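Structure, as structure tokens:
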Amino acid sequence: MNIVQKRNLVSNLLAFVFTTLFFLTFSLQAQEADPAKGKELFMTNCTACHQLDAKLIGPPLKNVAERRSEEWILSMVNNPTEWVQKNPEAKKLFEEYNKTPMTPFPQLTKEDVQNIIAYTSVGDEGIAVEAVATPLVVPGAGNPIYQDLKPQNSNWWWQPLVVLIFIAVVYFLAKKKQNFAAIFFAIIGVFTVAYFLFAYLLQIGVDTGYKPIQPIEFSHKVHAGDNGIDCEYCHSSAKHSKTSGIPSTNVCMNCHKFIKEYKGEVYGDYDKEFFDAEIAKVYESAGWDVSKFAYTSEGKPIEWTRVHSLPDFVFYNHSQHVNVAGLECQTCHGPVEEMHRVEQFSPLTMDWCISCHRDTEVNMDDNGYYRGTYEALQKAHKGATVADMGGLECGKCHY
Amino acid sequence: MYRLVVLLIASIVLLSACSRDRSKPNIQYTPDMYVSIPYEPYGLNTVMNDSMAAQTPPAGSIARGKMPYRYDNNNDGYESAKENLQSPLETNAENLANGKKMFNIYCAICHGEQGDGKGKLVENGKFFGVPAFKDRPYITDGSIYHVIYYGRNMMGSHASQLTEKERWQVVQYVQKLKNK
């Protein structure tokens, strides 16, 4: 018993000394390489296909140094095609990952690769974090007009109150046989009511401020504002077609294949979990399985609620306004890049269309139509507005 | 007097209808003239099984005036396009100008306006692994077109957002950025 114990003690001691020695050398080696630099390189070069702990297009790279030698990794990074043919382990990996060849990075030096290896060993925890995310300042953000558009007539109760007061006054005066005053007040009352009645009738069918709740809490402010994605990136058919196009989910997936969680600023009553669940809805719609990193099911289109709609008896074409006239989307849709949930900005009434056609001068110089085909027209109509060119003809929009 | 009172009360009722919930659309005067009888783009079409007016074209159909793309969406297709696929457009200022416009809308958000891989999404820490075109010296007209068409690894396909001509114009502009 005793002897065994002693032996244990000796071997334990030996093992301890060796492991400490081993770790000392190891950490000495690691100290030369800079994991922070490695992280930077990893982020710009590797993350398109690799993560530290999860399978992406390529294998997870956490602690690769335990599995492969430095030479192995360097060969794989600098010339993967050749290395896959030479080295059986590399070949096995290549077969395992759907025979997707790795992109060569001949520009990465031995030192770069050492830094990257250092990063894969220590991970994000091993690096003193600097605050990278500086809050973005979007011009005009915080404009109270667009922040939270309350219903315009939210304090509507004073209107019937005014009417009631009028009735009371007229009734009181009539009872006192003050006929002249009663009629005077009655006339004022009728005009006031008529005024409001007219205002009410005028807004029928006008949907300014319409702000429906959508099946996904998609924020235009986060996408177009904070991240500066061009409107046409998603609404890509605006340049060629009558409709501006609601993007199909494959367009969302161009970015959200990578962006699995919400890292921006939370707003409203929502928290990060809520937004992560909203992103998961995109995956469900696309039929994308995050853990397998593949499209596994049929997918199902998202049923968005339409915000802007013109009556059927009027024609409107996006490409004509976006491509030919060169209007900014915001001219009609307002500061969408500041709206979390989109609302209708312009009244879309005929008066609104016509006013713009009256005021807008046609740009004839950069327009192939006038430059090439109708040069004479261009000369004759310098400085003409849309209205001068027939933009008020009924048949232009109603046919 | 009595009539006046009735009129006023009636208008109270009408006026109180003024307040409306902004998450619901307003009432319409003549809905039968507002709502389209033909199917609207993205609208309902109850005749179809999935009730959608916008249907995906049947497999194998070719849109009018379009040519099918003959390279496969795999690495062999990529290599083959890289070697064989040639641009049908000549390089000129007009093509480059539109290529630039399209690049700045569809690619610059990741690749950066200079093609240096420092687009706004990358700078904001939302998307990583975007290469600078200079670091991919082996790309050709054909391979760039192929990558726009099908995407590659983490980059998605941009075929649905760009027409064939626009893709080739973007290819020209990418080459210009790469060789700058």
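The values are calculated or read from the model by the stated rules, or taken from the named source; none is laboratory data. Just so you know, these numbers come straight off a predicted model, no measurement behind them. Counting neighbours? That spans all protein chains shown, and the Cβs are built from the backbone with ideal geometry, glycine included. Please note that ligands, DNA and RNA were not included when accessible areas were found on the heavy atoms of the full protein model with its side chains. Shrake-Rupley method; radii C 1.70, N 1.55, O 1.52, S 1.80 Å.
List of remarks:
- Within segment A:221-265, restricting attention to residues that are assigned to a loop (DSSP other than H, G, I, E, B) and among the aromatic types (Phe, Trp, Tyr), the residue that is farthest from the other protein chains (Cβ to nearest Cβ) is A:Tyr262.
Residue-wise test of (1) surrounded by fewer than 16 Cβ atoms within 10 Å (Cβ to Cβ); (2) more than 29 Å from the chain's Cα centre (by Cα); (3) modelled with pLDDT of 85 or more.
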{"residue": "A:Leu52", "(1), (2), (3)": "no, no, no"}
{"residue": "A:Ile57", "(1), (2), (3)": "no, no, no"}
{"residue": "A:Val64", "(1), (2), (3)": "no, yes, no"}
{"residue": "A:Glu82", "(1), (2), (3)": "yes, yes, no"}
{"residue": "A:Gln85", "(1), (2), (3)": "yes, yes, no"}
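- For the condition at pLDDT 80 or above and open to solvent by 60 Å² or more (accessible area, probe 1.4 Å), A:Glu71 qualifies.
- Condition met for B:Glu79 (open to solvent by 90 Å² or more (accessible area, probe 1.4 Å) and over 20 Å from the mean Cα position of the chain (by Cα)): no
- Sole exception among (1) part of a loop (DSSP other than H, G, I, E, B); (2) open to solvent by 40 Å² or more (accessible area, probe 1.4 Å) for B:Lys134, by number: (1)
- Pairing each residue of segment A:48-70 that is in the same structural domain as A:Asn115 (by TED's automatic domain parsing) and among the basic types (Lys, Arg) with any residue that is open to solvent by 50 Å² or more (accessible area, probe 1.4 Å) and outside any helix (DSSP H, G or I), provided the two are 6+ apart or on different chains, yields C-beta distances under 6 Å for A:Lys62/A:Asp53.
- Test: residue in segment A:268-277 that is surrounded by 15 or more Cβ atoms within 10 Å (Cβ to Cβ) and either facing chain B (nearest Cβ under 9 Å) or of a type in the set (Asp, Glu) (or both): no
- Criterion (facing chain B (nearest Cβ under 9 Å) and open to solvent by 50 Å² or more (accessible area, probe 1.4 Å)) met by exactly one of A:Tyr195, A:Tyr171: A:Tyr171
- Only one of A:Ala186, A:Ala194, A:Ala174, A:Ala168 that is small (Gly, Ala, Ser), assigned to a helix (DSSP H, G or I) and closer than 28 Å to A:Leu348 by Cα: A:Ala194
- Candidate set: segment A:64-81, residues that are of a type in the set (D, E, K, R) and part of a helix (DSSP H, G or I); chosen: the one nearest to A:Thr120 (Cα to Cα): A:Glu66
- Members of segment A:286-314 found to be more than 13 Å from every other protein chain (Cβ to nearest Cβ) and in contact with a helix residue (DSSP H, G or I) (Cβ under 8 Å, 6 or more places away or on another chain), listed by number: A:Asp289, A:Val290
- When we screen A:Val324, A:Val342, A:Val386, A:Val336 for residues that are within 14 Å of another protein chain (Cβ to nearest Cβ) and β-branched (Val, Ile, Thr), the only hit is A:Val342.
- Scan of segment A:204-220 for residues that are within 7 Å of another protein chain (Cβ to nearest Cβ) and either surrounded by fewer than 16 Cβ atoms within 10 Å (Cβ to Cβ) or on the phi < 0 side of the Ramachandran plot (or both), ordered by number: A:Ile204, A:Val206, A:Asp207, A:Tyr210, A:Lys211, A:Pro212, A:Ile213
- Number of the exception - A:Thr305 against (1) part of a loop (DSSP other than H, G, I, E, B); (2) open to solvent by 70 Å² or more (accessible area, probe 1.4 Å): (2)
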